[in-house]
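K.L.:
Questions regarding the structure given below will be posed in turn.
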Amino acid sequence: MNPESWKFVAFVLIFIEANYLAYGSRFRGAVLAAFNTFFLLAFMENAVSLAFLACYSLLVYNLANLLRRPAAKKSLFPVLLFATLLFLVVKKYEVLSALRLGALLDHRICIIGFSYIFFKHLHLLIDSRDGLIREVTPLLFYNYTFGFYTLIAGPIQRYNSFAAEAVADRTAEIYDRRFLLTQLDRIVTGYLKFSVLAKILKMWAGPFTLAALPPGGALPLAKFVFAAYALYLFVYFNFSGYCDIVIGVANLSGVRLPENFAGPLAARNQLEFWSRWHITLSQWLNDYIFNPLCKLIFSTTPGLGILGAGMIGYFVTFFIAGMWHGNTYSFLVFGCLLGAGVAGVKLYEWLLKALLTKDQFRRYRANNIIRYAATVLSFNYTAFAFIFFENSPRTVLPVLKGILRGLL
Amino acid sequence: MKLPRDKDELRLLAWLALKLFILYIMLMSSLNKSVVIYQKF
């Protein structure tokens, strides 16, 4: 069900109407579950995928409840390891072939949005073990896992926030005309970004596809830069537009979803970029990868110091972030670039603090010329990294070689 | 639904109508082929 299709628009309109009727009653959760099921089935490729997803979700639900028991708390690590291996197999990560596990990739399971489901489930398991989630009920778990707002993309909501929204009373808000107009405006703006701007940019990024490249990958520098910018902006408008649509629809049905973008194009550096781009993913990575990893590095190898632990922590975290986005080797490069970008910023910040006095550092941060230059640099770095979001290194490297040859 | 009397609401409504019009025109043009990145996830 494409977000641009009449089926999707009709689905959303019928859902909002049904939600208005059920709002405040005990049937609200059941109505949402029915619509979630319909939406999920619309994306299901085959019966094997559906059967796998049902078994997998049932397992996670039981494990989340089991891990709250003191005797089972130590079982978290093997559970997470198994879940991660399962994720790599289901998403058919190419890296498994290199590890001579290619036979595991020969299956028919194909679940759109499984990356999001996987991260939501890891959070559920870890927070259940830590006692941060008190109770996981079947209906809430089902709606949380398969919530159509965020099934295929969008913000990664936390379970407790979802559970609070499920019982929140926003009657006054959803019947307010101004609120209704504001949300409709957000949805239409989202569609303009998703269906108009993103598509135009995708066409402009055209030279950056294997089919459109001239033989030998010769692409003039100006075209290369233009295509790279267009590709980066395409991803931004496509994803942030989709988020606007789902957040607007959720608001109309009396559910608040977390915001996912806060002007990432104006980020001063890669560290700031990740506090403005796919914010819920960054927060997830911070809570479940960066913080535990830094603690582990610091406790096992204190000689590395805060800077060393932080740099390794940032690199690994954003390398994983890159890898999470796709199953090919391109995402390995994408992850390396993201990781190197953030770790590099951390190192640069440390150097500045070591070389400058507090007052000089404060003035450096406040200097507008430096800020603009840093923003331009960060924009270019991100655009370069995003080339690998859509292209394989085999496509990009000959182009880069050709450009370098032309420059030298 | 009655037209709002509030100026802000009227402005919002006008913007919404304009955006919908642009969206309609663009979707009816050559931009009708869907491009979705979520299929990667």
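K.L.:
Residues being open to solvent by less than 100 Å² (accessible area, probe 1.4 Å), within 7 Å of chain A (Cβ to nearest Cβ) and at pLDDT 80 or above: count how many of those fall in the range B:1-25.
P.N.:
Here the count works out to 8.
K.L.:
Are any residues in the range A:1-40 outside any helix (DSSP H, G or I) and within 14 Å of chain B (Cβ to nearest Cβ), and if so, which ones?
P.N.:
Within the range A:1-40, A:1, A:2, A:3, A:4, A:5 qualify.
K.L.:
What's the total number of residues in the range A:209-232 that are at pLDDT below 80 and within 14 Å of chain B (Cβ to nearest Cβ)?
P.N.:
1
K.L.:
Checking residue A:62 against (1) open to solvent by 30 Å² or more (accessible area, probe 1.4 Å); (2) modelled with pLDDT of 90 or more; (3) under 19 Å from residue A:252 (Cα atoms), only one condition comes out false. Which one?
P.N.:
Unmet condition: (3).
K.L.:
Among the listed residues A:42, A:33, A:51, A:47, identify the single one that is open to solvent by 70 Å² or more (accessible area, probe 1.4 Å), small (Gly, Ala, Ser) and closer than 24 Å to residue A:112 by Cβ.
P.N.:
From the options A:42, A:33, A:51, A:47, the qualifying one is A:47.
K.L.:
Would it be correct to say that residue A:303 is touching a residue at least 60 places away in the same chain (Cβ under 8 Å), surrounded by fewer than 18 Cβ atoms within 10 Å (Cβ to Cβ), in a helix (DSSP H, G or I) and not assigned by TED's automatic domain parsing to the domain that holds residue A:121? Reasoning before the result, please.
P.N.:
On the way: touching a residue at least 60 places away in the same chain (Cβ under 8 Å): no; surrounded by fewer than 18 Cβ atoms within 10 Å (Cβ to Cβ): yes; in a helix (DSSP H, G or I): yes; not assigned by TED's automatic domain parsing to the domain that holds residue A:121: yes.
It is false that residue A:303 is touching a residue at least 60 places away in the same chain (Cβ under 8 Å), surrounded by fewer than 18 Cβ atoms within 10 Å (Cβ to Cβ), in a helix (DSSP H, G or I) and not assigned by TED's automatic domain parsing to the domain that holds residue A:121.
K.L.:
Take the range A:117-132 and flag every residue that is in a helix (DSSP H, G or I) and over 16 Å from residue A:50 (Cα atoms).
P.N.:
Once the filter is applied, which keeps residues that are in a helix (DSSP H, G or I) and over 16 Å from residue A:50 (Cα atoms), the range A:117-132 yields A:119, A:120, A:121, A:122, A:123, A:124, A:125, A:126, A:127, A:128, A:129.
K.L.:
For residue A:122, indicate whether it is in contact with a Phe, Trp or Tyr (Cβ under 9 Å, 6 or more places away or on another chain) and either closer than 27 Å to residue A:16 by Cβ or more than 14 Å from chain B (Cβ to nearest Cβ) (or both).
P.N.:
Against the criterion (in contact with a Phe, Trp or Tyr (Cβ under 9 Å, 6 or more places away or on another chain) and either closer than 27 Å to residue A:16 by Cβ or more than 14 Å from chain B (Cβ to nearest Cβ) (or both)), residue A:122 qualifies.
K.L.:
Could you go through the range A:87-102 and let me know if any residue there is over 30 Å from residue A:322 (Cβ atoms) and not hydrophobic (A, V, I, L, M, F, W, C).
P.N.:
no
K.L.:
If you go through the range A:174-190 one residue at a time, do you hit one that is within 11 Å of another protein chain (Cβ to nearest Cβ), surrounded by 16 or more Cβ atoms within 10 Å (Cβ to Cβ) and closer than 22 Å to residue A:112 by Cα?
P.N.:
yes
K.L.:
Tell me which residues, restricted to the range A:146-178, are part of a helix (DSSP H, G or I) and not charged (D, E, K, R).
P.N.:
Taking the range A:146-178 and keeping what is part of a helix (DSSP H, G or I), we get A:146, A:159-167, A:171-174, A:177-178.
If the condition is that a residue be part of a helix (DSSP H, G or I) and not charged (D, E, K, R), then A:146, A:159, A:160, A:161, A:162, A:163, A:164, A:166, A:167, A:171, A:172, A:174 are the ones that fit.
K.L.:
While we're looking at this one, here's another question. Looking at (1) within 22 Å of residue A:257 (Cβ to Cβ); (2) buried (at least 16 other Cβ atoms within 10 Å of the Cβ), which is the only condition residue A:132 fails?
P.N.:
Among (1) within 22 Å of residue A:257 (Cβ to Cβ); (2) buried (at least 16 other Cβ atoms within 10 Å of the Cβ), the lone unmet condition for residue A:132 is (2).
K.L.:
Six or more apart or on different chains, Cβ atoms under 7 Å: show the pairs whose first residue is in the range A:87-115 and assigned to a helix (DSSP H, G or I) and whose second is open to solvent by 40 Å² or more (accessible area, probe 1.4 Å).
P.N.:
A:89/A:104; A:96/A:88; A:96/A:104; A:105/A:92; A:105/A:97
K.L.:
Does the range A:179-196 contain any residue that is outside any helix (DSSP H, G or I) and either at pLDDT below 90 or touching an Asp or Glu at 6+ places or on another chain (Cβ under 7 Å) (or both)? Talk me through it step by step, then tell me what you get.
P.N.:
Pass one, the range A:179-196, residues outside any helix (DSSP H, G or I): none.
No, there is no match, as no residue in the range A:179-196 is outside any helix (DSSP H, G or I) and either at pLDDT below 90 or touching an Asp or Glu at 6+ places or on another chain (Cβ under 7 Å) (or both).
K.L.:
Let me ask you something else. Quick check: is even one residue across the range A:260-268 polar (S, T, N, Q) and more than 27 Å from residue A:340 (Cβ to Cβ)?
P.N.:
No: zero hits.
K.L.:
Of the conditions (1) within 14 Å of another protein chain (Cβ to nearest Cβ); (2) surrounded by 19 or more Cβ atoms within 10 Å (Cβ to Cβ); (3) at pLDDT 90 or above, residue A:110 clears all except one; give me its number.
P.N.:
Only one criterion in (1) within 14 Å of another protein chain (Cβ to nearest Cβ); (2) surrounded by 19 or more Cβ atoms within 10 Å (Cβ to Cβ); (3) at pLDDT 90 or above is unmet by residue A:110, namely (2).
K.L.:
Turning to a different aspect of this structure: Say whether the condition of being loosely packed, with under 12 Cβ neighbours inside 10 Å, within 22 Å of residue A:266 (Cβ to Cβ), in the same structural domain as residue A:285 (by TED's automatic domain parsing) and of a type outside the set (Ser, Thr, Tyr) is met by at least one residue in the range A:317-335.
P.N.:
Within the range A:317-335, none of the residues are loosely packed, with under 12 Cβ neighbours inside 10 Å, within 22 Å of residue A:266 (Cβ to Cβ), in the same structural domain as residue A:285 (by TED's automatic domain parsing) and of a type outside the set (Ser, Thr, Tyr).
K.L.:
Looking at the range A:352-359, is at least one residue closer than 16 Å to residue A:322 by Cβ and among the acidic types (Asp, Glu)?
P.N.:
no
K.L.:
For the range A:70-84, name all the residues that are open to solvent by 80 Å² or more (accessible area, probe 1.4 Å) and not charged (D, E, K, R).
P.N.:
Matches in the range A:70-84: A:70, A:71, A:77, A:81, A:82.
K.L.:
Output the residue which, of all residues in the range A:139-162 that are of a type in the set (Gly, Ala, Ser) and surrounded by 20 or more Cβ atoms within 10 Å (Cβ to Cβ), is nearest to the other protein chains (Cβ to nearest Cβ).
P.N.:
Residues of the range A:139-162 that are of a type in the set (Gly, Ala, Ser), as a first pass: A:147, A:153-154, A:161.
Filter once more, so that each one left must be surrounded by 20 or more Cβ atoms within 10 Å (Cβ to Cβ): A:147, A:153-154.
Values: A:147: 15, A:153: 4, A:154: 9 Å.
This residue is A:153.
The values are calculated or read from the model by the stated rules, or taken from the named source; none is laboratory data. Worth saying up front: this structure is predicted, and the values here are computed from it rather than measured. Positions of Cβ are generated from backbone atoms using ideal geometry, with glycine treated the same way; all protein chains shown enter the neighbour counts. For accessibility, only protein heavy atoms count, side chains too; no ligands or nucleic acids. Shrake-Rupley method; radii C 1.70, N 1.55, O 1.52, S 1.80 Å.
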